[in-house]
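Engineer: Let me begin by handing over the structure; questions about it come next.
The values are calculated or read from the model by the stated rules, or taken from the named source; none is laboratory data. All of these numbers come straight from a predicted model, not from anything done at the bench. For neighbour counting, all protein chains shown are included, and Cβ atoms are generated from backbone atoms with ideal geometry for every residue, glycine included. Just the protein is used for accessible areas: all its heavy atoms, side chains included, with ligands, DNA and RNA removed. Shrake-Rupley method; radii C 1.70, N 1.55, O 1.52, S 1.80 Å.
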Amino acid sequence: MPIGLALIALAATRGGPQIWEKTVAPGLVYRMEVDGAIPRVIHALRWSVGNTTSRATPELAGKTVYEEGAFGGRGTISQMVKESNAVGGINGDFFPFGKVPTGDPLGLMVQNGELLSTPWRTRAAFAWGPQGATMATASFTGSIAGEGGKPIELNGVNQECGLNETVLNTSSAGFAMSKPECLAVVIKMQNPTWSPSTVLAGEVEYALPEGTKISVPPGRAIVVAQGSKVPALASLRPGQRVVVRFATTGFDWLSYENAIGGGPMLVQKSKIDVDAKEEGFDAAFSAGRHPRSAVGKTKEGDLWFVEVDGRQETGSGVTLDEMAAIMLRLGCTEAMNLDGGGSSTLNVLGLTVNRPSDAGHERYVANGVLFFAPPGITYEGKLRLSVSSTIAADGTAQAHVFTATGQDVPNADIIWAASGGTWVDQGGLVRGLKAGEGTVFARVYGQLLTAKCTVKK
């Protein structure tokens, strides 16, 4: 029996949807919902903005926007969590999904007060800081001007320079990217603090004609121009003092130090209000059922980071309206969609708790939101994960974790995950998903436990 039918039967016997909530760290709670009548599986993290123990930060998948290597700055959420020593993470903004991978988020990204990516078109962004969080549509204007000269418009920051554009790249870009027939000018900055809205001084060092991928040194900015914009940039001369101006509107940057883009809006003023058409999303994207990720804010000030599985037996996914209804049900007064589809991933304590739709493999994404907290309770002895080695494709088995002395570890202290032919809920109930090999994972007291299962027809 397919897992969807098994869940329906389970829901009928247990009286409807099941919900588990488990504390990951002070101020950070993991929630799993299983509704077999649809079927639908929801994973979420609720984070309290004002707590002083845990924090949430937008992170680039690579150390910079553009990186060397096959993935060009992209990475998986699991890699990001592991490399950053985080306690969890969720995918973030959309990114160019072309043949040549890059780690450039399409929309706004601000990390600890530094502008890493400028807004794109009229799409929504989500900003937060110690004083709270909000959502808005942001816009960017920028310029660079030589002493006594006319300002040169900047079309963006830390992105590939297009035809008839001028783009400024900071060291966080890694590389200044452009097509041939461009001009690049290297600027030595006096105090390179790249706030979303700022005025900075610098001095022209030298020009590099025809540079298509130029490494950006620390303390420098590289301005690239193409096509009709080249003559204006060529007017800058070595030794000339310049002034760079950024103005990123839509948010009070004295109140918010982090931001991440996405779109469209899902909930506004405690009502479902999906503005997909206004933000440039087509009807197929909006009305189709897909895996989705979203972020929302409650009236109490808590933030929900939510993932809904799709394109598999556990659920077909949700439309934007259905995602908005989920966020509203969780108490969100504002909510915004994030990148979805194969990008939708939620990681808790190093475990990918959802089932990514790209054949169960995580997609390489440009950025995400990571959660940080001090280490939790640890157990010095050897823990043991116990689960049946053989499960029928329409059967179940209860998993347990035991201490070295044989005591059953409380389920509330365990984060469960599974891959391959098995599926597990946060009650530790393992189900046969499809014939073949499966693996059950348990993260508990700082230890990662695994058990192999064979699923038989």
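Engineer: Go ahead and run the numbers for FRET between Lys150 and Lys188, Cβ-Cβ distance against an R0 of 25 Å, rounding to 0.05.
Structural biologist: Details: r = 22 Å, r/R0 = 0.86.
With a Förster radius of 25 Å, E is 0.70.
Engineer: According to the Kirkwood expression over distinct Cα-Cα pairs, how big is the hydrodynamic radius of the chain, in Å?
Structural biologist: This gives a value of 23.3 Å.
Engineer: Give, as a single signed number, the net charge of other residues whose beta carbon lies under 10 Å from the beta carbon of Gln159, with Lys and Arg counted +1 and Asp and Glu -1.
Structural biologist: -3
Engineer: Using the crude model of +1 on Lys and Arg Cβ and -1 on Asp and Glu Cβ, and no other charge, please compute the dipole size for the range 214-323 relative to its Cα centre, in debye to 20.
Structural biologist: Numbers: 13 positive and 14 negative charges, 180 e Å.
Value, rounded to 20: 860 debye.
Engineer: Calculate one ³J(HN,Hα) per residue across the range 49-63 by plugging θ = phi - 60° into the Karplus curve 6.51 cos²θ - 1.76 cosθ + 1.60, and present them in order as whole Hz with x for glycine and proline.
Structural biologist: After applying 6.51 cos²θ - 1.76 cosθ + 1.60, I find 4, x, 6, 9, 9, 10, 8, 10, 9, x, 10, 6, 5, x, 5 Hz.
Engineer: Which far-off residues, 5 or more places away or on another chain, put their amide H under 5 Å from the one on Ala435, with H placed in the peptide plane?
Structural biologist: Placed amide hydrogens put nothing under 5 Å from Ala435.
Engineer: Give me the percent of accessible area attributable to carbon and sulfur for the chain, probe 1.4 angstrom.
Structural biologist: On the way: 9850 of 18820 Å².
Heavy-atom surface of the chain belonging to carbon and sulfur, 1.4 Å probe: 52 percent.
Engineer: Moving on. What whole-number value in Å² describes the accessible area per residue of the chain for a 1.4 Å probe? Provide the component values of the computation, followed by the final result.
Structural biologist: Working: 18820 Å² over 457 residues.
Ligands and nucleic acids excluded, the figure is 41 Å² per residue.
Engineer: Could you give the nm distance between label points at Thr53 and Ile19, where each point is 7 Å from its Cα heading toward the beta carbon?
Structural biologist: 2.2
Engineer: Quick one: grab the alpha carbon gyration tensor of the range 186-339, order the square roots of its eigenvalues as a ≥ b ≥ c, and give me rounded if a/c is under 1.5, else prolate or oblate depending on whether a/b is larger than b/c.
Structural biologist: Note, shape of the range 186-339 comes out prolate.
Engineer: Considering all alpha-carbon pairs of the range 185-236, what whole percent are spaced by more than 17 angstrom?
Structural biologist: Of all Cα-Cα distances in the range 185-236, 40 percent exceed 17 Å.
Engineer: Within the chain, what percent of beta bridges assigned by DSSP are antiparallel, to the nearest 5?
Structural biologist: Here the antiparallel bridges make up roughly 95 percent for the chain.
Engineer: Calculated from DSSP H runs of 4 or more alone, at -39500 (n - 2.57) each and per residue, what is the 222 nm mean residue ellipticity of the chain, nearest 500?
Structural biologist: It comes out at -2500 deg cm²/dmol, rounded to the nearest 500.
Engineer: Please state, as a whole number in µm²/s, the translational diffusion coefficient that the Stokes-Einstein equation yields for the range 274-422 at 4 °C and 1.567 mPa s, with Rh defined as the Kirkwood radius across alpha carbon pairs.
Structural biologist: On the way: Rh = 18.0 Å.
Stokes-Einstein gives a translational diffusion coefficient of 72 µm²/s.
Engineer: In debye, nearest 20: dipole of the chain around its Cα centre with unit charges on the Cβ of K, R (+) and D, E (-)?
Structural biologist: Here the chain has a charge dipole of around 540 debye.
Engineer: Can you give me the pair-distance distribution of the range 213-285, C-alpha pairs, 10 Å bins, whole percents?
Structural biologist: 11, 25, 26, 24, 12, 2
Engineer: If packing is taken as the average count of other Cβ atoms within 10 Å, what order do 438-444, 402-408 fall into, highest mean first?
Structural biologist: Listed from highest to lowest mean packing, they are 438-444, 402-408.
Engineer: Roughly how many Å is it from the Cα centre of the range 23-86 to that of the range 402-426, as a whole number?
Structural biologist: 21
Engineer: Further, regarding this structure: Which pairs, out of Lys22/Lys269; Lys179/Lys297; Lys22/Lys434, put more than 32 Å between their alpha-carbon atoms? List each step's numbers first, then the result.
Structural biologist: On the way: Lys22/Lys269 29 Å; Lys179/Lys297 41 Å; Lys22/Lys434 28 Å.
Beyond 32 Å between Cα atoms: Lys179/Lys297.
Engineer: Using packing as a proxy for protection, rank 288-294, 425-431, 333-339 so that the peptide with the highest average count of other Cβ atoms within 10 Å comes first.
Structural biologist: With the highest mean Cβ count within 10 Å placed first, the list reads 333-339, 288-294, 425-431.
Engineer: Once phi is turned into ³J(HN,Hα) by the Karplus curve 6.51 cos²θ - 1.76 cosθ + 1.60 with θ = phi - 60°, what whole-Hz value does each residue of the range 436-442 show in order, with x for glycine and proline?
Structural biologist: For the range 436-442, the Karplus-derived couplings read x, 8, x, 10, 9, 10, 9 Hz, x marking Gly and Pro.
Engineer: Show me, for the range 36-44, the HN-Hα J-couplings you get by feeding each phi into the Karplus relation (A = 6.51, B = -1.76, C = 1.60, θ = phi - 60°), rounded to Hz, glycine and proline as x.
Structural biologist: x, 6, 9, x, 7, 10, 10, 10, 8
Engineer: Not counting ligands, DNA or RNA, and with a 1.4 Å probe, what is Lys229's accessible surface area in Å² rounded to the nearest 10?
Structural biologist: 40
Engineer: According to the square roots a ≥ b ≥ c of the eigenvalues of the Cα gyration tensor, what is the shape class of the range 25-104, taking rounded for a/c under 1.5, prolate for a/b larger than b/c otherwise, and oblate for the remainder?
Structural biologist: oblate
Engineer: What net charge is computed for the residues neighbouring Leu168, neighbours being all others with C-beta under 13 Å from the C-beta of Leu168, Lys and Arg scored +1, Asp and Glu -1? Write out the running numbers ahead of the final one.
Structural biologist: Working: positive: Arg220, Lys229, Arg245; negative: Glu153, Glu160, Glu165.
Local net charge: 0.
Engineer: Count the net charge of all other residues whose Cβ sits under 10 Å from the Cβ of Pro264, scoring Lys and Arg as +1 and Asp and Glu as -1.
Structural biologist: Summing Lys/Arg as +1 and Asp/Glu as -1 gives -2.
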